[in-house]
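Visitor: Just passing along the structure, written as structure tokens.
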């Protein structure tokens, strides 16, 4: 084992000496590193029998990779002759007009001194060099040949530099990231999961934020444009949307109600509540917006409160309140409720609605407990059953024991309140900063500049806004209002 190591060491010294004489220094450095890794067992390319030969083969291959381009990047003879004849006399060691020397530029055109070689190309192409007063002028074909050669070398150098860079991946935001970004940017709580919203993000082994699968297609662009329209319409409505608050009892009994007289006689008209048992009842009256003075304000974020009781059987589970936006089949809130009948609690949550003014959302409440549904249901009856503390009809479902304790998980809705749209002062201020305060392109540019800086999270480049201002101008020329034109630019 020792003899083999000693032999390997002698071979390493011999190879270093040979390659030091015959190969460029970068190849020598590469060889030493590769050989040491192989000798110490750090490289999977090495084995005691074939390790040296593989190193030599890799070395020869690397030699051609490193040495041959040096010859390929050398200045072509016709280019060198052109420069010697027309350029070096005024831009050489003896005379350096404009503090510009050509004789010291790197012959690796496109890889080194690229700005200087590009300037030479431009001067020759424009006819500025050599000067008109020079007695010996190159022909048009000679100029074209030199310009084409330099341009080709610069292009090759650019391609080589790009090839050395790591791959740049452009990925889109996930739906969740987009929602948070829009909310931070303009204060709109856009729901990307609504029908017509953004596509569902693909998953890779359970992960959603994998750049390679978050690709961008024309259909995504269409969705983003539509989402932007929805967001901007909510942030900048045609008519201002005022904050409002509306409340109602869970069950409001009018004179046409079958039990009106009975409840009036008992003094219970303002105390009627809606019980949800295991019979599968659905509470469908979560709309406090009624009448011309209390119509639904419009799209935005709303806060909803329900005053409820939750009666849990001694040996059973608690009632589970589930609030659903029926039109979109979207769950807004879900929670177990435990509260005595005489001590109701208030649960509050927020939800975003895209409904236009005057069209309130359709909200249902159910008791989502997991016990079997009771076989005796009142669902088919046209007359709602009425249960009081002291009496019930014989045909009605018995929901409490003799001592008043619940036999089933019972959810009782007392009242509800809805308030909104909720917009913070910071969000309002930000929206005012983005939108033009007056109808002028200068004001539009100023607002778009604020929006772009915050959206791009960096300073803007020179003339970067010109594209967006051009869009605004085009919309105005097409007959759109200034407000709609600016929103298109946004």
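Visitor: Residue 422 versus (1) out of contact with any strand residue (DSSP E or B) (no Cβ under 7 Å at 6 or more places or on another chain); (2) under 21 Å from residue 178 (Cα atoms); (3) surrounded by fewer than 17 Cβ atoms within 10 Å (Cβ to Cβ): which is the lone unmet condition?
Guide: (1)
Visitor: Would you please list the contacts, defined by Cβ atoms under 8 Å and residues six or more apart or on different chains, that run from a residue in segment 93-106 that is loosely packed, with under 10 Cβ neighbours inside 10 Å to a residue that is not in a loop (DSSP other than H, G, I, E, B)?
Guide: Correct list of pairs: 98/91.
Visitor: Now for a different question. Tell me which residues, restricted to segment 433-462, are within 24 Å of residue 189 (Cα to Cα), touching a helix residue (DSSP H, G or I) at 6+ places or on another chain (Cβ under 9 Å) and assigned to a helix (DSSP H, G or I).
Guide: Residues satisfying the conditions are 433, 434, 447, 448, 450, 451, 452, 454, 455.
Visitor: Taking segment 322-331 only, how many residues are surrounded by 15 or more Cβ atoms within 10 Å (Cβ to Cβ), within 23 Å of residue 409 (Cβ to Cβ) and modelled with pLDDT under 90?
Guide: 0
Visitor: Separate question: Scan segment 72-111 for residues that are more than 18 Å from residue 148 (Cα to Cα), out of contact with any strand residue (DSSP E or B) (no Cβ under 9 Å at 6 or more places or on another chain) and either outside the structural domain of residue 139 (by TED's automatic domain parsing) or not in a helix (DSSP H, G or I) (or both) and report the count.
Guide: 9
Visitor: Residue 411 is checked against (1) under 29 Å from the mean Cα position of the chain (by Cα); (2) buried (at least 16 other Cβ atoms within 10 Å of the Cβ); (3) not in a helix (DSSP H, G or I) and fails just one. What number does that condition carry?
Guide: Failed condition: (1).
Visitor: Within segment 151-171, is even one residue more than 14 Å from the chain's Cα centre (by Cα), buried (at least 16 other Cβ atoms within 10 Å of the Cβ) and either modelled with pLDDT under 85 or in a loop (DSSP other than H, G, I, E, B) (or both)?
Guide: No, that holds for no residue.
Visitor: Continuing with this model, one more query. How many of the residues in segment 463-480 are within 24 Å of the chain's Cα centre (by Cα) and assigned to a loop (DSSP other than H, G, I, E, B)?
Guide: 2
Visitor: Can you name every residue in segment 456-487 that is surrounded by fewer than 16 Cβ atoms within 10 Å (Cβ to Cβ) and in contact (Cβ under 8 Å) with a residue 24 or more places away in the chain?
Guide: 473, 483
Visitor: For segment 367-384, check the following and say yes or no: at least one residue is at pLDDT 85 or above and farther than 19 Å from residue 321 by Cβ.
Guide: Scanning segment 367-384 turns up no residue that is at pLDDT 85 or above and farther than 19 Å from residue 321 by Cβ.
The values are calculated or read from the model by the stated rules, or taken from the named source; none is laboratory data. It should be emphasised that the depicted structure is a prediction, and the values quoted were computed from it without experimental measurement. We place every Cβ from the backbone using ideal geometry, glycine too, and count neighbours over all the protein chains shown.
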